[in-house]
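The structure appears right after this line, and notes come after that.
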Amino acid sequence: PVGPSPQPLPNSINTPGVQAALTGTLKIQGFGCGGIVFGSGFPVGPSMVLTNAHVVAGTQGTTVRNNAGRSLSARVVLFDPGRDVAILYVPRLALAPLNEAGAGPGTQGAAIGYPGGGAETAEAAVVNGEVRAEGRDIYGQSLVVRSIWITQAKVQPGNSGGPLVDLKGNVVGVIFAASTSESGKAYALTDAEVQPDIDQAQGRTQPVAVGPCAM
């Protein structure tokens, strides 16, 4: 099927909102699966951080690190391999949740994260459109249908779980993959898609199983 048409990228993402979202975006690190697995995440409630399930699958010793380099231990309290969402409990996290907002074709903003597990970056991004996408879970097994944004944004491994924000710094989605066929295209779960997992994780503090390593 033909996807939504590309929309224009913002001329600048140097806004107070994007700068604030940079401060609130965290590097996620876990040990396992043959080494260290890196991803990104952001606070969605008191002591709660959202990332992708494939970032923490099969790992242990999860930590979150802010852009000033402070590292905190974390526990996975929700693991959803179908949606590709994990929620971490970070007892000593002193970050307010990022605000959420609606989006649609043409919503401009930034994809924030830690590509390659390196320094934090913000890349200009725009929402091309929303699709109900049928695919597989993170293990390539069960069929799942998810609401996702098709976006223009340069993302790499390590960006997974980072926020897609508008120019005011509001979260409109969660980056989970780059296109394997089109350079500069990326995919993000919509806020509405991840909200049930955020709701379900409220108040959880006990670790859950994180399954085997993802594909």
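The values are calculated or read from the model by the stated rules, or taken from the named source; none is laboratory data. Note that the structure is a prediction, hence the values are computed from the model and not measured. Methodologically, a virtual Cβ is constructed for each residue, glycine included, from the backbone with ideal geometry; neighbour enumeration extends over all protein chains shown.
Residue pairs whose Cβ atoms lie under 6 Å apart, separated by 6 or more positions or on different chains, with the first residue in region 155-172 and closer than 18 Å to T107 by Cβ and the second aromatic (F, W, Y) and buried (at least 22 other Cβ atoms within 10 Å of the Cβ), are P163/F42.
State whether one or more residues within region 152-172 are aliphatic (A, V, I, L, M), over 21 Å from V18 (Cα atoms) and not assigned by TED's automatic domain parsing to the domain that holds G58. Please lay out each step first, then the result.
Filtering region 152-172 for residues aliphatic (A, V, I, L, M) gives 153, 155, 164-165, 167, 171-172.
Checking the rest, the ones that are also over 21 Å from V18 (Cα atoms) come to none.
The answer is no, given that none of the residues of region 152-172 is aliphatic (A, V, I, L, M), over 21 Å from V18 (Cα atoms) and not assigned by TED's automatic domain parsing to the domain that holds G58.
Within region 123-152, can you find the residues that are in contact with a Lys or Arg (Cβ under 8 Å, 6 or more places away or on another chain) and not in a strand (DSSP E or B)? Matches in region 123-152: S142 only. Is there a residue being part of a loop (DSSP other than H, G, I, E, B), more than 28 Å from V145 (Cβ to Cβ) and in contact (Cβ under 8 Å) with a residue 40 or more places away in the chain anywhere in region 48-65? Scanning region 48-65 turns up no residue that is part of a loop (DSSP other than H, G, I, E, B), more than 28 Å from V145 (Cβ to Cβ) and in contact (Cβ under 8 Å) with a residue 40 or more places away in the chain.
Only one of A103, A68 is at pLDDT below 95 and in a loop (DSSP other than H, G, I, E, B); which? Quick ask: steps written out before the conclusion?
Details: A103 fails: at pLDDT below 95.
Step by step, each of A103, A68 is checked, and only A68 is at pLDDT below 95 and in a loop (DSSP other than H, G, I, E, B).
The set of residues in region 50-63 that are out of contact with any Asp or Glu (no Cβ under 7 Å at 6 or more places or on another chain) and surrounded by 24 or more Cβ atoms within 10 Å (Cβ to Cβ) comprises L50, T51, V55, V56, A57, T62. Flag: V210 does not match the condition of being more than 18 Å from G158 (Cα to Cα), of a type in the set (V, I, T) and in contact with a Leu (Cβ under 7 Å, 6 or more places away or on another chain).
When you scan region 188-200, do you find a residue that is part of a strand (DSSP E or B), buried (at least 22 other Cβ atoms within 10 Å of the Cβ), at negative phi and not assigned by TED's automatic domain parsing to the domain that holds F31, even just one? It would help to see each step written out before you state the result.
Filtering region 188-200 down to residues part of a strand (DSSP E or B) leaves 188-190.
Among the residues that remain, those that are also buried (at least 22 other Cβ atoms within 10 Å of the Cβ) are: 188-189.
Filter again for at negative phi, leaving 188-189.
Then drop every residue that is not not assigned by TED's automatic domain parsing to the domain that holds F31, which leaves 188-189.
Within region 188-200, one or more residues are part of a strand (DSSP E or B), buried (at least 22 other Cβ atoms within 10 Å of the Cβ), at negative phi and not assigned by TED's automatic domain parsing to the domain that holds F31.
For region 23-40, the criterion of being part of a loop (DSSP other than H, G, I, E, B) and in contact with a Cys (Cβ under 7 Å, 6 or more places away or on another chain) is satisfied by at least one residue.
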